[in-house]
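Participant: Before we start, here is the structure in question, set down as structure tokens.
The values are calculated or read from the model by the stated rules, or taken from the named source; none is laboratory data. In this text, all values refer to a predicted model and were calculated from it rather than measured experimentally. Ideal geometry is used to build each Cβ from the backbone, glycine not excepted, and the neighbour counts take in all protein chains shown. Just so you know, the surface numbers come from the protein's heavy atoms only, side chains and all, with ligands and any DNA or RNA stripped out. Shrake-Rupley method; radii C 1.70, N 1.55, O 1.52, S 1.80 Å.
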Amino acid sequence: VIETSGVLVLPAFSLGRTQDVLFDLHWIVAENPERYGAVTFYLDAPSARSMHQCMFDAFSRTETNGKNGKVRPMWLGKQMFRWLDLDDTDPADVQRMLDIISITLNVPREVDPSLVGAGSTVAQAWRPILSPVGKRRELMESGVPRPCVIVTGAGSCDGGPARAWLPHLLGDASTIVAMLGYAPPTSIAGQLLSLRATPLAERARHTGCLAWSPDERVAIRDIRAAVVQLGGYSAHADQAGLVDWLIWEFKGEWKSSGRVVFVQHGADDQRSALKDAFESRAAERGLPVRTVLPDSGEQWFDLDAGARVVDDRTSEV
């Protein structure tokens, strides 16, 4: 992207994936600030941004071990401290780690300048890199500064800001779209991934298109952007692991992590198979677990009513 003065688009799921990517981008810049100083970074993911304060509050939380009286972070793993050569038992280093997380998530926090020199050279060079998006349409029309990296919401590319950015950028040969995990073949991300090995000359012969709606379409013959897939960001368990996570045994008693499960991601047959696996295990152990599938994109599930809502009319599940 630097060499071509291009744009890198990173579609990412809002919870977990986006934060991992932001951490890695900040690390890359901190490792070599001079090399990446000319790159502009955007986070255009409203759903992710709305979660960041809550996530930072969780990372800040501590607990006391009742056996030895030691206080430790509830959610911050020791590996984070080891990566950045910080001491998880040193209050100053813990505060520096929280500074680094607040910078990564763009959460307002007064950084203590006396702690900036703690840790590795990467920790010492950690700085804010995200530029405000402001009004997306105006930014598109005026043109993003180049080279540029855009972390955008909707990892499947079917909706969210990705739906706005991709039609605007796919026709540019200096654009790279990097997928960060599995994408169902029928999703926009999956269709883009199927073009990875298709040369531009062959794409020009293609008669298909990417379609978000009848009025939102990009002809495949016009897609000049490179499409790549980055490994290492998929983190959830397979079906067996998810079933074991949902229904588990503790001191001879079977328990469930939740009474209602919303199965969102994956193709229809995969979702149905996971639903059957959940309900089969729950029935075996005599636990009341209900599984909800996204039967219609036009429906919402009202958690208070415990039922689907269609056009403000509640229907039973």
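Participant: Just the residues that are within 28 Å of S50 (Cβ to Cβ), assigned to a loop (DSSP other than H, G, I, E, B), open to solvent by 20 Å² or more (accessible area, probe 1.4 Å) and of a type in the set (V, I, T), please, taken from region 101-122.
Facilitator: The one that is within 28 Å of S50 (Cβ to Cβ), assigned to a loop (DSSP other than H, G, I, E, B), open to solvent by 20 Å² or more (accessible area, probe 1.4 Å) and of a type in the set (V, I, T): V111.
Participant: Looking at region 208-226 only, could you name the residues that are open to solvent by 10 Å² or more (accessible area, probe 1.4 Å) and of a type in the set (A, V, I, L, M, F, W, C)?
Facilitator: C209, A211, W212, V218, A219, I220, A226
Participant: What are the residues in region 256-298 that are among the polar types (S, T, N, Q) and surrounded by fewer than 14 Cβ atoms within 10 Å (Cβ to Cβ), if any?
Facilitator: If the condition is that a residue be among the polar types (S, T, N, Q) and surrounded by fewer than 14 Cβ atoms within 10 Å (Cβ to Cβ), then S257, Q264, Q270, S280, S296 are the ones that fit.
Participant: What number of residues within region 1-56 are in a loop (DSSP other than H, G, I, E, B) and of a type in the set (A, V, I, L, M, F, W, C)?
Facilitator: Counting residues in region 1-56 that are in a loop (DSSP other than H, G, I, E, B) and of a type in the set (A, V, I, L, M, F, W, C) gives 7.
Participant: How about region 70-100: which of its residues are acidic (D, E) and open to solvent by 20 Å² or more (accessible area, probe 1.4 Å)?
Facilitator: Listed by number, the residues that qualify are D85, D87, D88, D90, D93.
Participant: Hey, another quick one. Here is a list: F56, F41, F13. Which entry is in contact (Cβ under 8 Å) with a residue 24 or more places away in the chain, farther than 17 Å from G153 by Cβ and crowded, with 18+ Cβ neighbours inside 10 Å?
Facilitator: F56
Participant: Please name all residue pairs, on different chains or six or more residues apart, with Cβ atoms under 9 Å, provided the first residue is in region 202-213 and is closer than 14 Å to G190 by Cβ and the second residue is part of a helix (DSSP H, G or I) and open to solvent by 80 Å² or more (accessible area, probe 1.4 Å).
Facilitator: Pairs that qualify, where the first residue is closer than 14 Å to G190 by Cβ and the partner is part of a helix (DSSP H, G or I) and open to solvent by 80 Å² or more (accessible area, probe 1.4 Å), are G208/R221.
Participant: If we keep just the residues of region 1-10 that are within 16 Å of V177 (Cβ to Cβ) and not small (G, A, S), which is most open to solvent (accessible area, probe 1.4 Å)?
Facilitator: Start the filter on region 1-10 by keeping residues that are within 16 Å of V177 (Cβ to Cβ), which leaves 1, 4, 6-10.
Imposing the further condition that a residue be not small (G, A, S) reduces the set to 1, 4, 7-10.
Details: V1: 45, T4: 85, V7: 0, L8: 34, V9: 2, L10: 8 Å².
Ranking the candidates gives T4 first.
Participant: Within region 174-207, take every residue that is touching a Gly at 6+ places or on another chain (Cβ under 8 Å) and open to solvent by 20 Å² or more (accessible area, probe 1.4 Å) and give me the one that is nearest to A154 (Cα to Cα).
Facilitator: Looking at the filtered set, the residue picked out is P184.
Participant: Starting from region 290-317, take each residue that is closer than 17 Å to G258 by Cβ and among the β-branched types (V, I, T) and list its partners that are at pLDDT below 75 and open to solvent by 60 Å² or more (accessible area, probe 1.4 Å), counting only C-beta distances under 8 angstrom and pairs at least six apart or across chains.
Facilitator: Note: pairs meeting the criteria are V292/V317.
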